[in-house]
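Undergrad: The structure's right below; bear with me while I get my questions together.
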Amino acid sequence: MFTFEEIALQAGKKVRVEGFVATTRIQSKMAFVILQSGASKVQVVSSGAAREQAKALMQHAYAAVEGIVVASAQAPGGFEIQAESIELLSPTIQWPISAGSEIGTRLAWPVARFRERKEALALIVQSEIEMEMTSYLRSQGFIGIHSPKLMGAPSESGSEVFEVKYFGERAYLAQSPQIYKQIAIMAGLGKIYEVGPVFRAEPSFSSRHATEFISFDVELEGVKSEVEIIQLECAMIIAALQQVITRMGPELASHYSKATVPAACHILEFAQAQALLGVSGDESLSAEEERKLGAMMQEQGHELVALTRVPWKQRPFYHMREGESLTRSFELLYRGVEITTGAIREHRYDVLMAQLAEKGLTGKGLEFYLESFKLAAPPHGGFGLGLARLTALFLGLPGIKEATFIHRGPGRLSP
């Protein structure tokens with residue numbers, strides 16, 4: 001069986017192809033059928049017995065065609081198949097969505113949803129972004145790791161954690177690979193990344209939250225400033241998005257006109273951002289304040305904005321402190337939405353333990369992590385990036401649901 005891409009090389013030959021039925025048009029002596037597979041389409045022309053067989057086809061059904069490939073300037077790709085036989089392999093019994101279906105209905109029917117090229121394209125773009133970012137890091141000497149997702153204690157402070165049974169013990173789904181990223185650095189691996197699921201028990205129905213999502217995490221030793229980490233991440237993102245545009249530009253332009261590449265990253269201190277917004281204090285910016293700041297920055301040509309010197313009150317115990325009230329950490333906003341939290345980590349055991357106590361934490365269940373710092377820890381830092389958020393913002397989608405294969409959120413465990 002030939003793929004649609006191979007058909008043009010088979011002019012004058014008999015082929016067999018299979019695909020979903022995009023359209024059928026039955027005329028008095030002829031029938032025209034468009035079969036589709038991914039982005040590829042092929043026109044099938046039939047007469048006689050094959051025309052009668054075409055009558056059994058319905059939109060979205062799966063069919064097989066055998067026939068001769070001939071040149072046709074009017075057909076998709078410049079070739080068509082003159083059918084000798086058409087076989088209905090799987091009929092369409094129902095079709096649950098339409099062009100106007102709201103996102104909840106579309107999430108419930110991924111099989112139907114991703115038959116639409118525009119919907120499938122979002123997943124393809126996400127795959128390409130992931131591949132290009134990992135390729136960029138590998139070119140810089142990074143290696144990939146895979147850390148456990150079952151833990152004996154929550155991986156982050158706070159209550160946003162899923163508890164599960166584990167052979168008579170309590171276990172928790174990892175909120176982040178953070179602990180294991182740092183262990184990898186202390187083990188001497190130098191530069192690492194991980195792409196994998198993380199779990200947050202957030203009862204949020206917002207357009208940018210999920211209870212399970214793919215996190216793209218990076219950690220490296222020897223960094224002296226959070227600016228080094230920001231520069232690494234932004235260079236990685238810009239290079240990846242540029243490669244996606246280069247490879248997929250024409251098709252992206254036809255479906256997602258907002259898919260453009262940021263020029264550079266603008267660095268702004270958290271207090272400076274507050275001043276622009278007319279707010280103060282050590283609380284994090286609200287989603288609305290982030291959007292407002294993003295709009296201000298975009299007017300100046302800045303789509304990627306890194307907020308540095310974030311207040312200590314907002315940050316976990318393992319972030320390096322700067323004075324009494326600030327940290328060596330940052331948030332990266334893309335088009336007014338946070339996609340990353342990153343920081344220089346505290347690598348000094350005594351300081352780390354003091355910060356743990358100050359946050360009101362005991363470290364129970366994290367002894368293996370904390371004790372590792374006694375074996376000597378190099379200065380290090382890194383970041384975590386939400387892959388679906390990056391994809392959604394790049395394409396100009398309403399939220400991460402539109403950039404996720406199967407979404408998990410409150411009340412959504414099916415499909």
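Undergrad: Quick one: among Arg291, Arg51, Arg335, which has the greatest mean-square fluctuation in a GNM of the chain with alpha-carbon springs under 10 angstrom?
TA: Result: Arg51 has the largest fluctuation of those listed.
Undergrad: Once each part is reduced to its C-alpha centroid, what is the distance from the stretch 166-211 to the stretch 98-142 in angstrom?
TA: That distance is 22 Å.
Undergrad: Sorted by average packing, counted as other Cβ atoms within 10 angstrom per residue and highest first, what order do 170-178, 189-197 take?
TA: 170-178, 189-197
Undergrad: Kirkwood Rh over alpha-carbon pairs of the stretch 316-391, then Stokes-Einstein at 25 °C and 0.890 mPa s: what D in µm² s⁻¹, rounded to an integer?
TA: D, rounded to a whole number, is 177 µm²/s.
Undergrad: Sticking with this one: Once you place label points 7 Å from the Cα toward the Cβ at Phe205 and Ile103, how far apart are they in nm?
TA: About 1.2 nm separates the two model spin labels.
Undergrad: Roughly speaking, what is the stretch gain from Met30 to Val261, that is 0.36 nm per residue apart minus the C-alpha to C-alpha distance, in nm to one decimal? Don't skip to the answer; put the middle values down first.
TA: Working: separation 231, 0.36 × 231 = 83.16 nm, distance 4.72 nm.
Difference between extended and current length: 78.4 nm.
Undergrad: A follow-up question, please. So what is the relative contact order of the stretch 1-152, in percent, for Cα pairs below 8 Å that sit 6 or more residues apart?
TA: Relative CO of the stretch 1-152 lands at 18 percent.
Undergrad: So which trypsin sites (Lys or Arg not before Pro) in the stretch 198-264 end up in coil per DSSP with only 16 or fewer other C-beta atoms within 10 Å? Write out the running numbers ahead of the final one.
TA: Working: sites: Arg200, Arg208, Lys224, Arg247, Lys258; in loops: Arg200, Arg208, Lys224, Lys258.
Taking the stretch 198-264 and a limit of 16 other Cβ atoms within 10 Å, the loop trypsin sites (Lys or Arg not before Pro) found are Lys224, Lys258.
Undergrad: Mind giving me the nanometre distance, one decimal, between the label points for Leu277 and Phe162, set 7 Å out from Cα along Cα→Cβ?
TA: The answer from the label model is 3.0 nm.
Undergrad: Holding the Cα-Cα limit at 22 Å, pick out from Lys14/Lys41; Lys181/Lys374; Lys224/Lys292; Lys118/Lys258; Lys181/Lys364 the pairs that are longer than that. Could you put the intermediate results ahead of the total?
TA: Details: Lys14/Lys41 18 Å; Lys181/Lys374 17 Å; Lys224/Lys292 31 Å; Lys118/Lys258 14 Å; Lys181/Lys364 19 Å.
From Lys14/Lys41; Lys181/Lys374; Lys224/Lys292; Lys118/Lys258; Lys181/Lys364, over 22 Å: Lys224/Lys292.
Undergrad: Return one quarter of the surface area of the convex hull spanned by the alpha-carbon atoms of the stretch 57-179, equal to its mean projected area, in nm². Write out the running numbers ahead of the final one.
TA: Working: hull surface 60.9 nm².
The Cα convex hull of the stretch 57-179, projected and averaged over all directions, gives 15.2 nm².
Undergrad: Oh, and also: Of the accessible area of the stretch 8-156, with the probe set at 1.4 angstrom, what percent is carbon plus sulfur? Let's see the in-between values first.
TA: Values: 3900 of 7370 Å².
Carbon and sulfur together cover 53 percent of it.
Undergrad: Under a cut-off of 12 Å between alpha-carbon atoms, report the aspartates and glutamates in cross-link reach of Lys401, not counting same-chain residues fewer than 8 places apart.
TA: Glu102, Glu119, Glu212
Undergrad: With a probe of 1.4 Å, find how much accessible area the stretch 244-395 has per residue, and write the answer as a whole number in Å².
TA: 43 Å²
Undergrad: Give the carbon-plus-sulfur fraction of the accessible surface of the stretch 173-224 in %, rounded to a whole number; probe 1.4 Å, heavy atoms of protein chains only. Numbers along the way, then the final one.
TA: Details: 1070 of 1840 Å².
On the stretch 173-224, the fraction of accessible area on carbon and sulfur atoms equals 58 percent.
Undergrad: Where nothing but the Cβ of Lys and Arg (+1) and of Asp and Glu (-1) is charged, how large is the charge dipole of the stretch 204-250 around its Cα centre, in debye to the nearest 20?
TA: Dipole magnitude for the stretch 204-250 comes out near 320 debye.
The values are calculated or read from the model by the stated rules, or taken from the named source; none is laboratory data. Everything quoted here is computed from the prediction, not taken from an experiment. Counting neighbours? That spans all protein chains shown, and the Cβs are built from the backbone with ideal geometry, glycine included. For accessibility, only protein heavy atoms count, side chains too; no ligands or nucleic acids. Shrake-Rupley method; radii C 1.70, N 1.55, O 1.52, S 1.80 Å.
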